[in-house]
1. Within segment 38-65, track down each residue that is away from ligand 2 (no atom under 14 Å from the Cβ), within 17 Å of the chain's Cα centre (by Cα) and of a type in the set (Ser, Thr, Tyr).
2. Look at segment 185-224 and say how many of its residues are at positive phi and open to solvent by less than 40 Å² (accessible area, probe 1.4 Å).
3. Out of the residues in segment 113-152 that are more than 12 Å from Thr11 (Cα to Cα) and touching a His at 6+ places or on another chain (Cβ under 8 Å), state the one that is farthest from ligand 2 (Cβ to nearest atom).
4. Going by the structure shown, is His278 more than 23 Å from Val186 (Cα to Cα), within 16 Å of ligand 1 (Cβ to nearest atom) and at pLDDT 95 or above?
5. How many of the residues making up segment 173-196 are among the charged types (D, E, K, R) and in contact with a Ser or Thr (Cβ under 7 Å, 6 or more places away or on another chain)?
6. Residue by residue through segment 8-28, note down the ones that are outside any loop (DSSP other than H, G, I, E, B) and in contact (Cβ under 8 Å) with a residue 40 or more places away in the chain.
7. May I ask you to verify whether Arg107 is among the charged types (D, E, K, R) and over 20 Å from the mean Cα position of the chain (by Cα)?
8. For segment 141-179, enumerate the residues that are outside any loop (DSSP other than H, G, I, E, B) and of a type in the set (S, T, N, Q).
Amino acid sequence: AFNLRNRNFLTLMDFSAKEIHYLLDLAAELKRAKYAGTEQPRLSKKNIVILFEKDSTRTRCSFEVAALDQGAHVTYLGPTGSQMGKKESIADTARVLGRIYDGIEYRGFDQKVVEDLAAYSGVPVWNGLTDADHPTQVLADFLTAQEHLHKPYNQMVFVYVGDGRNNVANALMIGAAKLGMDFRIVAPEGLFPSDRLVEQCRQLAEGSGAKITITPDIAAGVVNADVLYTDVWVSMGEPDAVWEQRINLLQLYQVNSRMLAMTYNQNVIFEHCLPAFHDLNTQIGKEIHRKFGLTAMEVTDEVFEGPHSVVFDEAENRLHTIKAVMVATLGN
Ligand code: CP
Ligand code: NVA
């Protein structure tokens, strides 16, 4: 079997296709065990700290419940309340936490921070989202696709529509390139992923059989999609001033019933990492509605609530996949 013990989980770039398959299989196995009531704790006596410099519902709760299910103890540190980044450097914080804890989760801004935590702490570090990457999300997205599509990953047509240079788009492209998918980013040219990352993924694709397409053309981009995926138009940490420009750029790229029909696949599934602006009945949503007159942003309520949507299975799978990452890297 595979040994991922003591490895960091900073980006899927660091993992082979076999290792990613192993994590996905382990997640499915842990999910079955939890449902059957036969889960064995493999993290007992472990102490885990989860650091969040940005907000979170799914990722935080998944790390906490996954740890508790597996017998570990958890400390949550939020954007305020610790010395990190204010009085104390990341390197010093990492060395302290590494003496006290067996594993560290980090969500924040710069990918360099999660890399430094890994370099200095001496314990496994897990990336719970940075500006550049969101690798635990991709495991949940792929597992969910597998559960619904029942076909090998390298036969999936996986289409991401929207802001093509955010953390989720980057992370999906890396994962898809590793696993050999037909992967497409459908976005306006101003929101294409970086040339450097596309180049790296195309190189991976040569080995895996993946096909990486970046296109502004919706019809060509979504045809035959097995998975249609979108994410918010403005990510955490971006200034409020970008909303207007993003809405103008991305309005045409909203996932709606018309776009679903353009896949010509009756069995297409809709995925979204969440949170989603499918109606605008939230604090930020209401502000957007007031300012721009929209009723939905990246996905319509009809699609979000409709029969193709698997978004809550996907959200649940954050728990099982994050558990797999912790068990594989830290488990007994
Ligand atoms: N998908 C995701 O990471 O959600 P949270 O921001 O709620 O953790
Ligand atoms: N791209 C989004 C993902 C949230 C899970 C963000 O970074 O805000």
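1. None; the set is empty.
2. In the first step, residues of segment 185-224 are kept if they are at positive phi; the result is 209, 224.
Adding the requirement that they be open to solvent by less than 40 Å² (accessible area, probe 1.4 Å) leaves none.
Final tally of qualifying residues: 0.
3. Leu143
4. Values: more than 23 Å from Val186 (Cα to Cα): no; within 16 Å of ligand 1 (Cβ to nearest atom): yes; at pLDDT 95 or above: yes.
So His278 does not fit the description; no.
5. Kept after step one, since they are among the charged types (D, E, K, R), are these residues of segment 173-196: 178, 182, 184, 189, 195-196.
Applying the additional criterion that residues be in contact with a Ser or Thr (Cβ under 7 Å, 6 or more places away or on another chain) yields 178, 184.
So the answer is 2.
6. Across segment 8-28, the qualifying residues are Phe9, Leu12, Met13, Ala17, Ile20, His21, Tyr22, Leu23, Leu24, Leu26, Ala27, Ala28.
7. Numbers: among the charged types (D, E, K, R): yes; over 20 Å from the mean Cα position of the chain (by Cα): no.
Taking the combined requirement at face value, the residue does not satisfy it.
8. Going through segment 141-179, the residues outside any loop (DSSP other than H, G, I, E, B) turn out to be 141-149, 153-155, 157-161, 167-179.
Matches in segment 141-179: Thr144, Gln146, Asn154, Gln155, Asn167, Asn170.
The values are calculated or read from the model by the stated rules, or taken from the named source; none is laboratory data. Predicted model, so just to flag it, every value in this text is computed and none were measured. Cβ sites come from the backbone with ideal geometry, for glycine too, and all protein chains shown count toward neighbours. These area figures cover heavy atoms from the full protein model, side chains too; ligands, DNA and RNA do not enter into them. Shrake-Rupley method; radii C 1.70, N 1.55, O 1.52, S 1.80 Å.
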